[in-house]
Amino acid sequence: MYHTIVFDLDGTLIDNTQQILDSFIAAFDELGVNYDHNVVKSLMGMSLHEIGVQVGVPERQMEDLERLYIREISKRPAGLYHGIRELLENLKKTHTLGVVTSKLKETTEKALLHNGIEDMFSVVITSPDVSSPKPSPEGILLLCKRLNISPSKDIVYIGDRQNDMLAAKRAGIAGIAVNWGVDKWDLEDVSVCRSVEQLQALLGV
């Protein structure tokens, strides 16, 4: 069915939505930035820079935001969703695996190492690797380039946000949504998995 399976990270493999939210809130508080808690929550899944812009962090404070966020998220290590480790181990035997995430490179590496899955993926694309974040297909297309493969429906991107599915569609690959992350689904022509077991069955492992 698919020869390459690409994952989003936060809210898809790693159960860290609350930790990310708490880390941003702590960083904004220290910077003295006014914010609406519900607005910040709705921005989860965007890159740090995008979230900062949407909340109103001045460009001159973006480096401080990144520094404070990295400090705060490092205090809040998060584990994998139940069943994800076994899923990755099974898929690794027969598929090429990759990650395209809006996370920073440093926090991505720490999350992978913390969960012992750093060797599962042939290519990992993070926020600094691209100029345009999801729903731009740039990250997925870069991953394909690094794997020396052409975008096709034999490649699938799995994520918990609508932006993930839009990026997959714009890249010309398949998309599978999982609903244990943030978004509720209202996109047409998207397969939605409500459990890791259902995802495993859909992937045929």
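The values are calculated or read from the model by the stated rules, or taken from the named source; none is laboratory data. Everything quoted here is computed from the prediction, not taken from an experiment. FYI the Cβ positions are ideal-geometry reconstructions off the backbone, even for glycines, and counts take in every protein chain you see.
How many residues are part of a helix (DSSP H, G or I), out of contact with any Lys or Arg (no Cβ under 6 Å at 6 or more places or on another chain) and polar (S, T, N, Q) when one looks only at segment 145-178?
Matching residues across segment 145-178 total 1.
One residue is enough: does segment 130-144 have a residue meeting the conditions surrounded by fewer than 17 Cβ atoms within 10 Å (Cβ to Cβ), in a helix (DSSP H, G or I) and modelled with pLDDT of 95 or more?
yes
Pick out, from segment 1-101, the helices (runs of 4 or more DSSP H) lying fully within it that include 3 or more residues that are touching a residue at least 40 places away in the same chain (Cβ under 8 Å) and of a type outside the set (Gly, Ala, Ser).
Correct list: 17-31, 48-55, 62-74, 84-92.
List every residue pair whose Cβ atoms sit under 7 Å apart, with the two residues 6 or more apart in sequence or on different chains, where the first one lies in segment 107-119 and is crowded, with 18+ Cβ neighbours inside 10 Å and the second, anywhere, is in a loop (DSSP other than H, G, I, E, B) and among the polar types (S, T, N, Q).
108/101; 108/126
Return the total of residues in segment 10-37 being within 20 Å of the chain's Cα centre (by Cα), surrounded by fewer than 22 Cβ atoms within 10 Å (Cβ to Cβ) and farther than 19 Å from residue 61 by Cβ.
Residues flagged as within 20 Å of the chain's Cα centre (by Cα), surrounded by fewer than 22 Cβ atoms within 10 Å (Cβ to Cβ) and farther than 19 Å from residue 61 by Cβ within segment 10-37 amount to 6.
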